[in-house]
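Undergrad: Would you mind keeping the following structure in view while I ask a few things?
The values are calculated or read from the model by the stated rules, or taken from the named source; none is laboratory data. Computed from a prediction, not measured in an experiment: that's the story for all the values here. Here the Cβ positions follow ideal geometry from the backbone for every residue, glycine too, while neighbour counts run over all protein chains shown.
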Amino acid sequence: MYFKERTHTCGELRESNIGEKVILNGWVDRNRDLGGVLFIDLRDRYGITQVVFEPHINAEAHQAAKNLRNEFVISVEGYVRKRPAETENPEIPTGYVDVMVEKLTILNEATTPPFQIKDDIDTHEEIRLKYRYLDLRRPKLQRNIVLRHKMYQITRKYFDENNFIEIETPVLMKSTPEGARDFLVPSRLHKGKFYALPQSPQTYKQILMVAGFDRYFQIVKCFRDEDLRADRQPEFTQIDVEMSFVDQKDIFNIVEGLMKDFFKEILNKDLQLPLPRLTFNEAMESYGSDKPDLRFDLKMVNLNSVFQKTEFKVFHDAIENSGVISGLLAPGCGDYTRNQLDVLTDFVKKLGAGGLIWMRVKEDGLEAPVAKFLSSEEKQNLINALSAKNGDLIFILSGSKLKTLNIMGALRLEMARRLDLIKADSEPKLLWVTDFPLFEWDEQTKRFYAMHHPFTSPRLEDIELMDKDPALVKARAYDLVLNGNEIAGGSIRIHNAELQAKMFKILGISEEEAKTKFGFLMNAFKYGAPPHGGIAFGFDRLAMIFAGENSIREVIAFPKTASAISLMDDSPSSVTDDQLLELHIKVRKSAHE
Ligand code: ASP
């Protein structure tokens, strides 16, 4: 080697090393020339050490050090001294010592970086992503990537200790139905045929259960070609899990154990188990979301019984049409100005509400434009139902059920933001949401879709309902929710060919189509499929929350932009005509080109 190996990292030296001869390698983080004496902060992923060049120690090194610029890669040899009194830096662990340089080797020079290598810089994310290797040198991203690494290790250790086997499933495969568009890979050897990249390893993990592997897990990349959505990535990581001979409670136990380890080892918190559970209906009614944020209270209240006999047309119609009247109390907001109320009305209108009913709670009753349409009994019952007090503000939305609850849920979050109810140190809130509907009706295509995926089992007591009223059937599906984010989702699967066929029928998938798409899975099920179920975690989102970040891009080493572009290596990019020819592909110009 043309330079000497380091004896220590840049985060390692302490007062106990004083007097030792050391060699450090790293990047120039900062340099200061104090006329005669030159100070360099030398950085690597372990920390920063101050190294000092003085002419009387080595004139040549001192002279050479004058040419050092930020991000030069250097090796220094010298001895450790105690920092002179008053010059210590208690902020960093190496802040009580200096390395007095006797020899400097410049290992590589660096062009001036487009932004400073430090946290909290005011730089466009696009520039950060283009120069991701520099961005990744920043302390915060280094911490995030190390945290992610730690999470992989906790995961692997936990599942290994619980008798799970890590099995890789193919990346070139047949399409899985997770509800997104597939990324396709053209086959060169088989003209006109395509592989799909996995939206998840769903079919493979179920087949692994048929194969007798019993407890499977994998930390796995999944690919979904979705339209632009903030904070989504076309490729993302899951912790994928499947188990045989289990019921929902067994999956919950395993998942809760993993979460307990994460909480202990990452946040140093003792997670209380079992985790709270809400059914989908409860979550929607009280929080207007199937991923409720329970870090603050602000519960919505179903007011249908209060207005059961109302003469107020808007509420009457909602009840008549099997809709919902939902109320939300904003404590202490009774003095909101007309302007503030208009802004909130616009907020719900943008989400599709017809309008927002609001009422100020006063000493002597309710003050509101709609007050005159309500009987005094209704007003009193409303106050009681919401436990409203003088000075509070009441919001009411009414209309078709899920839509109204969803909009009220969004208003609930907006009010929490305005009232500053989520503090940086709020206790993390983890819960299960269960009993999701099995199907979702799509008005546009006039057909049912699987809310989770087509392999999810209905609740056994609901099987009969599948023919009569599919919309009422509940699934054996569950989500794990952390601070208002869905961090895992799964289900107990159908393992019976007849029930699976019924499911396909309701989903409008013909026998023919089922055979081409999932024939291999159905075939496997003929050879003794055990009852099984599983779950998958969105690993990036989980890492984001544990890192205290607001974007998953902050915990992914090389993320794409919201429009699915990798700015650093400029992909997707064009390929040569020869490559296309080999793949039997022709790129057509669209009409307007
Ligand atoms: N494959 C499912 C998903 O990606 C998870 C599961 O059902 O286990 O959402």
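Undergrad: Hand me the list of helices (runs of 4 or more DSSP H) wholly inside the range 457-557 holding 2 or more residues that are within 16 Å of the ligand (Cβ to nearest atom) and not acidic (D, E).
TA: Output list reads 497-506, 511-525, 539-546.
Undergrad: Do the conditions hold for R43, that is, is it surrounded by 15 or more Cβ atoms within 10 Å (Cβ to Cβ) and either touching a Cys at 6+ places or on another chain (Cβ under 8 Å) or aromatic (F, W, Y) (or both)? Spell out the reasoning first.
TA: On the way: surrounded by 15 or more Cβ atoms within 10 Å (Cβ to Cβ): yes; either touching a Cys at 6+ places or on another chain (Cβ under 8 Å) or aromatic (F, W, Y) (or both): yes.
When the stated conditions are applied, R43 passes them.
Undergrad: Additional query: Restricting to the range 196-215, name every residue that is charged (D, E, K, R) and within 14 Å of the ligand (Cβ to nearest atom).
TA: Once the filter is applied, which keeps residues that are charged (D, E, K, R) and within 14 Å of the ligand (Cβ to nearest atom), the range 196-215 yields K205, R215.
Undergrad: Checking the conditions here, which among V220, V210 is under 20 Å from the mean Cα position of the chain (by Cα) and either modelled with pLDDT of 95 or more or within 16 Å of I494 (Cα to Cα) (or both)?
TA: Going through V220, V210 in turn, just one is under 20 Å from the mean Cα position of the chain (by Cα) and either modelled with pLDDT of 95 or more or within 16 Å of I494 (Cα to Cα) (or both): V220.
Undergrad: Do any residues in the range 337-354 that are assigned to a helix (DSSP H, G or I) have Cβ atoms under 7 Å from those of residues that are of a type in the set (V, I, T), where the two are at least six apart or on different chains, and which pairs are they?
TA: Going by the 7 Å Cβ cut-off, the qualifying pairs are V348/I407.
Undergrad: So I266 clears everything in (1) away from the ligand (no atom under 13 Å from the Cβ); (2) modelled with pLDDT of 95 or more; (3) within 30 Å of L583 (Cβ to Cβ) except one condition, right? Which one?
TA: (3)
Undergrad: Also, I was wondering about something else. Could you identify the single residue in T176, T111, T123 that is modelled with pLDDT under 95 and under 21 Å from D569 (Cβ atoms)? Please lay out each step first, then the result.
TA: On the way: T176 fails: under 21 Å from D569 (Cβ atoms); T111 fails: modelled with pLDDT under 95.
Testing whether each residue is modelled with pLDDT under 95 and under 21 Å from D569 (Cβ atoms) leaves just T123.
Undergrad: Can you find, within the range 432-456, the residue that is surrounded by the most Cβ atoms within 10 Å (Cβ to Cβ) among those that are among the hydrophobic types (A, V, I, L, M, F, W, C), more than 17 Å from L499 (Cβ to Cβ) and within 16 Å of the ligand (Cβ to nearest atom)? It would help to see each step written out before you state the result.
TA: Here is the first cut: in the range 432-456, the residues among the hydrophobic types (A, V, I, L, M, F, W, C) are 432-433, 436, 438-439, 441, 448, 450-451, 455.
Still in the list and also more than 17 Å from L499 (Cβ to Cβ): 432-433, 436, 441.
Narrowing the set further to residues that are within 16 Å of the ligand (Cβ to nearest atom) leaves 432-433, 436.
On the way: W432: 20, V433: 25, F436: 23.
Out of the qualifying residues, it is V433.
Undergrad: Within the range 276-299, can you find the residues that are within 16 Å of L480 (Cβ to Cβ) and either aromatic (F, W, Y) or in contact with an Asp or Glu (Cβ under 6 Å, 6 or more places away or on another chain) (or both)?
TA: Passing the criteria: T279, F280, A283, Y287, K291.
Undergrad: Follow-up question, since we're still on this one. Enumerate the strands (runs of 3 or more DSSP E) found wholly within the range 21-88, keeping only those where 3 or more residues are farther than 12 Å from V99 by Cβ.
TA: Working: elements: 21-34, 37-44, 47-53, 73-82.
Because the criterion is at least 3 residues that are farther than 12 Å from V99 by Cβ, the strands (runs of 3 or more DSSP E) in the range 21-88 that meet it are 21-34, 37-44.
Undergrad: Given the conditions (1) within 16 Å of the ligand (Cβ to nearest atom); (2) surrounded by 20 or more Cβ atoms within 10 Å (Cβ to Cβ), report the number of the one that I407 does not fulfil.
TA: (1)
Undergrad: Based on this model, can you work out whether S387 counts as surrounded by fewer than 21 Cβ atoms within 10 Å (Cβ to Cβ) and under 38 Å from the mean Cα position of the chain (by Cα)?
TA: Yes, satisfied.
Undergrad: Across the range 187-238, what is the total count of residues that are of a type outside the set (V, I, T), more than 16 Å from P530 (Cα to Cα) and in a strand (DSSP E or B)?
TA: 12
Undergrad: Could you list, in sequence order, all residues of the range 105-151 that are in a strand (DSSP E or B) and touching a Leu at 6+ places or on another chain (Cβ under 8 Å)? Lay out the reasoning, then the answer.
TA: Initial filter on the range 105-151 (in a strand (DSSP E or B)): 105-108.
Correct list: I106 only.
Undergrad: Please state which one of T337, T345 is within 32 Å of the chain's Cα centre (by Cα) and more than 30 Å from T279 (Cβ to Cβ).
TA: Exactly one residue qualifies, and that residue is T345.
Undergrad: Does the range 283-291 contain at least one residue that is at pLDDT 95 or above, surrounded by fewer than 16 Cβ atoms within 10 Å (Cβ to Cβ) and small (G, A, S)?
TA: no
For every residue, the table says whether it meets (1) under 20 Å from the mean Cα position of the chain (by Cα); (2) buried (at least 17 other Cβ atoms within 10 Å of the Cβ); (3) over 19 Å from A543 (Cα atoms).
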{"site": "I239", "(1), (2), (3)": "yes, yes, no"}
{"site": "D247", "(1), (2), (3)": "no, no, yes"}
{"site": "V255", "(1), (2), (3)": "yes, yes, no"}
{"site": "F263", "(1), (2), (3)": "yes, yes, no"}
{"site": "L275", "(1), (2), (3)": "yes, yes, yes"}
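Undergrad: Among the residues of the range 563-584, is there at least one that is among the β-branched types (V, I, T) and touching an Asp or Glu at 6+ places or on another chain (Cβ under 8 Å)?
TA: Within the range 563-584 (the criterion being among the β-branched types (V, I, T) and touching an Asp or Glu at 6+ places or on another chain (Cβ under 8 Å)), the answer is no, since none of the residues qualifies.
Undergrad: Tell me the residue from K429, K474 that is modelled with pLDDT of 95 or more, basic (K, R), farther than 23 Å from G179 by Cβ and surrounded by 15 or more Cβ atoms within 10 Å (Cβ to Cβ), please.
TA: K429
Undergrad: Kindly indicate the residue of the range 128-174 that is within 16 Å of the ligand (Cβ to nearest atom) and buried (at least 18 other Cβ atoms within 10 Å of the Cβ) and also nearest to the chain's Cα centre (by Cα) among those meeting that condition.
TA: T155
Undergrad: Given the criterion hydroxyl-bearing (S, T, Y) and within 16 Å of the ligand (Cβ to nearest atom), identify the matching residue among S289, S244.
TA: S244
Undergrad: Yes or no: E71 of a type in the set (D, E), out of contact with any Lys or Arg (no Cβ under 7 Å at 6 or more places or on another chain), on the phi > 0 side of the Ramachandran plot and at pLDDT 95 or above?
TA: Answer is yes for this residue.
Undergrad: Kindly check whether there is at least one residue in the range 70-81 that is hydrophobic (A, V, I, L, M, F, W, C) and in contact with a helix residue (DSSP H, G or I) (Cβ under 6 Å, 6 or more places away or on another chain). Break it down stepwise before answering.
TA: First, pick out the residues of the range 70-81 that are hydrophobic (A, V, I, L, M, F, W, C): 72-74, 76, 80.
Those still in the list that are in contact with a helix residue (DSSP H, G or I) (Cβ under 6 Å, 6 or more places away or on another chain) too: 80.
Yes: one or more hits.
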